[in-house]
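The values are calculated or read from the model by the stated rules, or taken from the named source; none is laboratory data. It should be emphasised that the depicted structure is a prediction, and the values quoted were computed from it without experimental measurement. Using ideal geometry, Cβ is built from the backbone for each residue, glycine included, and neighbour counts are taken over all protein chains shown. For accessibility, only protein heavy atoms count, side chains too; no ligands or nucleic acids. Shrake-Rupley method; radii C 1.70, N 1.55, O 1.52, S 1.80 Å.
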Amino acid sequence: ERILKGEIRRGMAASLNAVLMIADLSDFTSVSDIVSKEEMVSALNRYFDAMLAPVDAAGGQVLKFLGDGFLAIFPFEPGMQREVAQKALEAATKALAAVDALAETEADLERPAMGLNVALHLGEVMFGNVGSRDRLDFTVIGPAVNEASRMESLCRSLGTDIILSETIAELLPEQTRLLTRMELRGVKGERALYAPLAAATGAAR
């Protein structure tokens, strides 16, 4: 709404506290190698319908599609961190369940099935219109976005469908378990990575 009103122009940026969600379909590349382009587009639309409905219902804002994935934010006001982190985690869990259900249907119809990997991180980002004179993109940028992206890429190797940052786990300690401590590529310092207690294993994906 602020963009349409002309309040946010190129070069304008503001600080925002939010839970970040980065999600990505697993096995997309291998599936795209065996189906037609038209079939792949139709499949992507079905999967996006399944995984975005829980995000929208929880108040998340999808900022951009990243090929076979997406970036969404759950902004919060001071004092609302835990509540919003809870909503984001529930949305991620429901998105995974929806994708799993769709994958079963796809398999029954003899279509290649895909899974979903998700990372949740909480931090401060800058949001605004970024781009060239002819092409702008409303997005969020900052170290927190980079960390979330690096986290999501580790789902397969860490054997989980959801990876949570320490900033999320600190708010929901009774619902999370420590996976490992490690350095993320391009991120200075070691990070503690967590998963929900009830997270499904993604090792086979």
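To keep it simple, each residue is scored yes or no on (1) at pLDDT 90 or above; (2) assigned to a strand (DSSP E or B); (3) open to solvent by 50 Å² or more (accessible area, probe 1.4 Å).
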| position | (1), (2), (3) |
| --- | --- |
| LEU120 | yes, yes, no |
| VAL140 | no, yes, no |
| ALA144 | yes, no, no |
| ILE168 | yes, no, no |
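With respect to LEU178, is the statement that it is part of a strand (DSSP E or B), surrounded by 17 or more Cβ atoms within 10 Å (Cβ to Cβ) and at pLDDT 85 or above true? Give the steps one after another, and end with the answer.
Working: part of a strand (DSSP E or B): yes; surrounded by 17 or more Cβ atoms within 10 Å (Cβ to Cβ): no; at pLDDT 85 or above: yes.
In short, no.
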